[in-house]
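Engineer: Please find one structure pasted underneath; my questions will follow.
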Amino acid sequence: MVRMARFSIFERLLACGLLLASAAVLSKPATGIPRQASPSEELLNLPGELGNRGGRLVVSLRAEPKTLNPLTAADGPSREVILGAMQADLVHINRATQLTEPALAKSWKISPDGLQYTLTLRRGIRFSDGQPLDADDVLFTFRVYLDENLHAPQRDLLIVGGKPITVRKVDAWTVVFQLAKTYGVGERLFDGFAILPRHLLEKPYAEGKLGQTWAISTQANQWAGLGPFRLKEYVPGQRLVLERNPFYWKTDTKGGRLPYLDEIVFLFVPSADAQVLKFQSGETDIISRLGAENFSVLSKQQRGYTMIDAGPGLEYNFLFFNLNELGEKTLAPMARNEKWFRDVKFRQAVSAAIDRSAIVRLVYQSRGAELWGPVTPGNRRWVNASIPRPSHSLERARSLLKEAGFSWANGPNGESLLQDSDGKPVEFSIITSSSNADRTKMATLIQDDLKQLGIHVQVVPLEFRSLLDRVTQTKEYDACILAIASFDADPNSDINVWLSSGGMHFWNPSQTRPVTAWETEIDSLMERQLTAPSYEQRKQLYDRVQEILAEEQPMIFLASPDILVGAKNSIGNFHPAVLEPYVLWNVEQLYFMNNPEKSGR
Amino acid sequence: MIQRRGWKRWLIALAVLHGIVASAGFFTPYDPTEQDRERPYLPPMKIHLVDAQGHFHLRPFFYAEHLRAGSFDQFEESTDQPVPLRFFVSGVRYRLFGLLPSGIHLFGAQASRFYLLGSDAYGRDQFSRILYGGQISLLAGLFGAGLTLFFGTLIGATAGYYGGWRDGLLMRVAELFVALPWLYLLFALRAFLPLAVSPVQAFFLIISVIGAVGWARPARLVRGVVLSAKERDFVRAARGFGATDWYLLRRHILPETSSVVLTQAAILVPQFVLAEMTLSFLGLGVPEPLPSWGSLLASLQQYSVLVSSWWMYAPALAIVPFFLGYLGLASALQQDTGAGKIVNMTDET
């Protein structure tokens, strides 16, 4: 009760502050920021429904962002806040259409040889502290992203053909990017690189402190960005409050400056169930990353909110076997089991025995899609629709195992048990993350499926860190279920998984040279698609990668969950996308309908 | 020692309860790990006597249920075909008490599966899982309590009887064990075990570790009793006649501790059942697909289960008579022997 009372006082203070702020803007029209665009500013006119200005959107965040610095942000919550609401890039991928569109660069030109990108910036744009943006900021941004000492996680994306991209200024509004080799992703490359304010960050960069600046506890006046919202307040352990960026460079169809909302409040709510309760009680306005069971609980008791199933996202769950070169001495039991796993027929048999439709039905309550490859139906541009999708068949599994030399013997209780050509019974364990109920459930279903084949499977839930340690370091496991949620629909976002030298090439990571012929082929296909000039050629190459994966089954793909979200009925322009950030990608256009007491006008 | 009947009644009640759990194969209709993927989270079925047409049936029957069209979690009865409920039916083979092979079940049905207490996330029969789950939980409780009492009595008697530096050392070690953060110890232990160890073995290994680590409290109690017993006149007299240490302990001193040990046993068994539940809640317990009370209750960690599947609470209710029995037994034993001090000592746990 006490806390509630305090909050309402806080709210009242906030409302007063807002009134004063808007009064200040109105009384000083000369230095203030006009709500309508002036001709000197080249603003971006966004199509879409017109909304009311004002209001405060409250959203749950599963953890505190570790930083507000786009350079060093690696954790999900930081990226969600920074890229979703606080920063902007030169060219942006529209999360709904999955196509690129102009952002800070109003246009771009790619030279015929595909090596030179000329970008033209919008004129008259200002950072959220009122300082203007020009080509020098862009040069500074890419200099620090490429600085090896800063270890920006996105740095690798700027290395093309082994050489970093070079950036050259032509005039105050034109920048040229020079690549060493053609780059298949094209202008999509620029998505996700937040343009940084040189006037604030040049000094810390010179002092070598850029990596540490803009921690989450930064003062609001020390921070500036180009996104729709800017930093207002951070309360440790409770919330992060963002306010409208008055200098934002997008307008609605009538020319009114976006965003519509006055504020966004991110509450730190670590548990999924607590997020559901907060949304149900009306404390938060939007909820995303919902599990199917919580989604159906919320759908059943809809009161003033709408639940939306946005369809399959980019997450793919898969089972994989340990295919590492194991030392006979150190990991003898694992090495013995590997003989089965290395047999492609064995992997195909396991794949055939898995009842994917049951996984989708029981784990996702039918809110998901069965998978036979890494590209989900949600990724419309890249999915290879022609890879085979054989249905669940124990007969096929049995005949594959027979071809591979396995046979069946009678067990002590009259059940038939699978044994290999040496008469050794086939038994192995599947490790899963104990914190993820969905994947543990999949493992239990697979355990039952394989029991039908006479394979005895143990499911071992492990804490996620020790699971990753086993998979990537000690290699002490038989099989494992994991999921990858790509951040972008482009094949390059998962290149680390498919290249045999990649750290996320889970079944046999960080190989010095590919062990098998098909891994060699995937390596060369992935490298060719990197530099292939057109989408069609890249698609053809990536289709072949999907075909090889479906044939060789190094990963047995299981299912992909739908993106399940919900929002209060009063929120307008709510169009969830299957790419991250699922609900906040168009945050500048979200607004509250018919809500006079919350409206700023 | 005055004998009263009170504790015998409790003992008989407990014996009946344990008997039901031990012969779970007979009392349950299905294998607890068998999945019915068409019927996850099915609510308990209704037993009817009057069918949809209004006809009365002498034999109780039920209707098979299927998912309502267009829904993922709502079921409806197929009222066109009543399935009669049969008693002493033959079904899945099982071994009674782990030994006698049989196929007779107390109740069941032929045409369709009957879910007395509904089904879980995989469509497994919740009633069968509760009874079979009791086998593992109670076994863990009895086994753990037995180990603890064995070590506790051994160490407590040694410390109390010999006294001196041995007493000091053993009691300081006991304090160390009480202060041990055993939860972290268990996590470390589980991470250290090879994956190839069968999960059931691993689980009982963990129970043994808790059992072995838990000796400190009973050891202190036993030590106290032994300390006072060894100064009794008849003990001194026996010693004067030249009785050996072993004879004195066996004949005169340990029998004195029996009431403390029995009361402790009655208190420790439910404690170890709870420990099993804690472990399962944390994912250290018996793994899927084997049921235990802890893993059955662990599904209640999810909010969605909590609000929409009330029958998943059933395991919690099943535990109540067992705990009541053990605690009733403990207090009856205490009354019989008038060992009032023990209450204060054990309340700390």
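Engineer: With +1 on each Lys and Arg Cβ and -1 on each Asp and Glu Cβ, how big is the dipole of region B:29-165 about its Cα centre, in debye rounded to the nearest 20?
Structural biologist: Working: 11 positive and 12 negative charges, 90 e Å.
Dipole size: approximately 440 debye.
Engineer: If packing is taken as the average number of other Cβ atoms within 10 Å across a peptide's residues, how do A:198-211, A:406-419 rank, most packed first? Write out the running numbers ahead of the final one.
Structural biologist: Numbers: A:198-211: 15.4, A:406-419: 13.5.
Per-residue mean Cβ counts within 10 Å order the peptides as A:198-211, A:406-419.
Engineer: Moving on to the next point. Treating only the Cβ atoms of Lys and Arg (+1) and Asp and Glu (-1) as charged, compute the dipole magnitude of region A:528-601 about its Cα centre; round to the nearest 20 debye. Intermediate values should be presented prior to the final figure.
Structural biologist: On the way: 7 positive and 9 negative charges, 75 e Å.
In debye, rounded to 20, region A:528-601 gives about 360.
Engineer: Using a Gaussian network for chain B with springs between C-alpha atoms less than 10 Å apart, which of these wobbles most: B:SER112, B:SER102, B:SER71?
Structural biologist: B:SER71
Engineer: In region B:194-247, if every C-alpha pair distance is counted and binned at 10 Å from zero, what percent goes to each bin?
Structural biologist: Histogram of Cα-Cα distances, whole percents per bin: 19, 26, 20, 17, 13, 5.
Engineer: Averaged over A:289-300, how many beta carbons belonging to a partner chain fall within 10 Å of each residue's beta carbon? Before the final figure, lay out the partial values.
Structural biologist: Details: counts 0, 0, 3, 3, 11, 4, 2, 6, 8, 1, 2, 5.
Averaged over the peptide's residues, the number is 4.
Engineer: Order of A:THR474, A:THR516 from fewest to most other C-beta atoms within 10 Å? Kindly include the intermediate steps, with their values, before the conclusion.
Structural biologist: Values: A:THR474 12, A:THR516 16.
Going from least to most buried by this count: A:THR474, A:THR516.
Engineer: So what is the relative contact order for region B:38-154, in percent, with contacts set as C-alpha pairs under 8 Å and at least six apart? Before the final figure, lay out each step's value.
Structural biologist: On the way: 165 pairs, mean separation 28.9, N = 117.
Once divided by the residue count of region B:38-154, the mean separation gives 25 percent.
Engineer: What whole number of Å gives the distance from the Cα centroid of region A:106-129 to the Cα centroid of region B:87-162?
Structural biologist: What the calculation gives is 71 Å, centre to centre.
Engineer: Just how far, in whole angstrom, is region A:405-425 from region A:162-214 if you go by their alpha carbon centroids?
Structural biologist: 61 Å
Engineer: Please list the non-local residues whose amide H lies under 5 Å from the amide H of A:ALA369, H modeled 1.01 Å from N, same-chain partners needing a gap of 5 or more.
Structural biologist: HN-HN under 5 Å from A:ALA369: A:SER560, A:ASP562.
Engineer: Let me ask something else. Using only Cα atoms, what Kirkwood radius does region A:255-407 have, in angstroms? Spell out each step's value before the answer.
Structural biologist: Working: mean 1/r = 0.0503 Å⁻¹.
Averaging 1/r across every pair of different Cα atoms and inverting gives 19.9 Å.
Engineer: Give the relative contact order (percent, whole number) for chain B; include only Cα pairs under 8 Å separated by 6+ residues.
Structural biologist: Computed value for chain B: 21 percent relative contact order.
Engineer: Is region B:1-99 best put as rounded, prolate or oblate by its Cα gyration tensor, with a ≥ b ≥ c the root eigenvalues, rounded for a/c under 1.5, and otherwise prolate when a/b is larger than b/c, oblate when not? It would help to have the intermediate numbers written out before the result.
Structural biologist: On the way: a/c = 2.49, a/b = 2.01, b/c = 1.24.
Prolate shape, in that a/c is at least 1.5 and a/b is the bigger ratio.
Engineer: Right, here's the next one. Compute the distribution of all C-alpha to C-alpha distances in region B:247-333, in bins of 5 Å from 0, and list the percent of pairs in each, rounded to whole numbers.
Structural biologist: 3, 13, 17, 16, 15, 11, 8, 7, 5, 3, 2, 1, 0
Engineer: May I ask you to evaluate 6.51 cos²θ - 1.76 cosθ + 1.60, the Karplus curve with θ = phi - 60°, for each residue of region B:145-156 and list the ³J(HN,Hα) values in order in whole Hz, giving x for glycine and proline?
Structural biologist: Residue by residue, region B:145-156 yields 5, x, 4, 4, 5, 4, 5, x, 5, 4, 6, x Hz.
Engineer: Rank these for me by crowding, A:SER435, B:SER119, going from fewest to most other beta carbons within 10 Å. If you can, show how the numbers build up before the last one.
Structural biologist: Numbers: A:SER435 13, B:SER119 28.
Ordered from fewest to most neighbouring Cβ atoms within 10 Å, A:SER435, B:SER119 come out as A:SER435, B:SER119.
Engineer: I've got another one for you. Could you work out the relative contact order of chain A, using alpha carbon pairs under 8 angstrom and six or more residues apart, expressed as a whole percent? Don't skip to the end; give the middle numbers.
Structural biologist: On the way: 1164 pairs, mean separation 115.9, N = 601.
Relative contact order of chain A: 19 percent.
Engineer: If one computes P(r) from the Cα atoms of region A:400-478, what percent of pairs lie at distances over 21 Å? Intermediate values should be presented prior to the final figure.
Structural biologist: Values: 1225 of 3081 pairs.
Considering region A:400-478, 40 percent of its Cα-Cα pairs are separated by more than 21 Å.
Engineer: Going highest first, how would you order B:306-315, B:284-293, A:365-374, A:529-538 by mean Cβ packing within 10 Å? Intermediate values should be presented prior to the final figure.
Structural biologist: Working: B:306-315: 18.3, B:284-293: 23.6, A:365-374: 21.8, A:529-538: 16.3.
Peptide ranking by packing, descending: B:284-293, A:365-374, B:306-315, A:529-538.
Engineer: If you don't mind, another one. Could you work out Rg/(2.2 N^0.38 Å) for chain A, with Rg from alpha carbons only?
Structural biologist: On the way: Rg = 26.4 Å, N = 601, 2.2 N^0.38 = 25.0 Å.
This ratio for chain A stands at 1.06.
Engineer: Can you find, among A:SER399, A:LEU43, A:ILE82, the residue sitting farthest towards the positive end of the charge dipole of chain A, where Lys and Arg contribute +1 and Asp and Glu -1 at Cβ?
Structural biologist: Of the listed residues, the answer is A:LEU43.
Engineer: What is the helix-to-structure angle for B:182-192, meaning the angle in degrees between its Cα long axis and the longest Cα principal axis of chain B, kept from 0 to 90 and rounded to the nearest 10?
Structural biologist: Rounded to the nearest ten degrees, it is 70.
Engineer: Per residue of A:459-469, count partner chain C-beta atoms within 10 Å of its C-beta, then hand back the mean as an integer.
Structural biologist: On the way: counts 4, 8, 5, 4, 5, 0, 1, 3, 0, 0, 1.
Average neighbour count from other chains, rounded to a whole number: 3.
Engineer: Towards the positive end of the charge dipole of region A:471-601, with charges on Cβ (+1 Lys, Arg; -1 Asp, Glu), say which of A:TYR535, A:LEU564, A:TRP498 has the farthest Cα.
Structural biologist: A:LEU564
Engineer: Given A:TRP507, A:ILE446, A:GLN222, which one lies farthest toward the positive end of the charge dipole of the protein assembly as shown, if we put +1 on the Cβ of every Lys and Arg and -1 on the Cβ of every Asp and Glu?
Structural biologist: The listed residue farthest towards the positive side: A:GLN222.
Engineer: Based on the alpha carbons, how large is the Rg to Rh ratio for chain B when Rh follows Kirkwood? Provide the component values of the computation, followed by the final result.
Structural biologist: Working: Rg = 25.1 Å, Rh = 23.2 Å.
Over the Cα atoms of chain B, Rg/Rh equals 1.09.
Engineer: What's the magnitude of the charge dipole for the protein assembly as shown around its Cα centre, counting Lys and Arg as +1 and Asp and Glu as -1 at the beta-carbon? Answer in Debye, nearest 20. Please list the in-between numbers first.
Structural biologist: Values: 95 positive and 91 negative charges, 431 e Å.
So the magnitude is around 2080 debye.
Engineer: Turning to a different aspect of this structure: Which order do the peptides A:81-90, B:163-172, A:455-464, A:274-283 come out in when sorted by mean C-beta neighbours inside 10 angstrom, highest first? Kindly include the intermediate steps, with their values, before the conclusion.
Structural biologist: Working: A:81-90: 24.0, B:163-172: 12.9, A:455-464: 20.2, A:274-283: 17.4.
In decreasing order of mean packing, A:81-90, B:163-172, A:455-464, A:274-283 become A:81-90, A:455-464, A:274-283, B:163-172.
Engineer: Follow-up. With a 10 Å Cβ neighbour count serving as the proxy for reagent exposure, in which order, fewest first, do A:PHE318, A:PHE142 appear? Mind showing how you got there, number by number?
Structural biologist: On the way: A:PHE318 25, A:PHE142 21.
Neighbour counts put them in this order, fewest first: A:PHE142, A:PHE318.
Engineer: Enumerate the whole-percent occupancy of each 10 Å bin, from 0 to the last occupied one, for all C-alpha pair distances of region A:446-545.
Structural biologist: For region A:446-545, the pair-distance distribution reads 13, 34, 31, 18, 3.
Engineer: Take each uninterrupted DSSP H stretch in chain A, measure its Cα extent along the helix axis, and return the ones at 24 Å or beyond whose mean Kyte-Doolittle hydropathy is at least -1.0.
Structural biologist: Details: long enough: A:2-27 (38 Å, 1.34); A:535-552 (25 Å, -1.41).
Helices meeting the criterion: A:2-27.
Engineer: Tilt of helix B:314-337 relative to the longest C-alpha principal axis of chain B, in degrees (0 to 90, nearest 10)?
Structural biologist: Tilt of helix B:314-337: around 30 degrees.
Engineer: If one computes the Cα centroid of region B:195-234 and of region A:282-323, what distance in Å separates the two points?
Structural biologist: 48 Å
Taken together, the values in this text are just the output of simple stated rules run on the coordinates, not laboratory data. Owing to the predicted nature of the structure, the values given are computational and were not obtained by experimental measurement. Cβ sites come from the backbone with ideal geometry, for glycine too, and all protein chains shown count toward neighbours.
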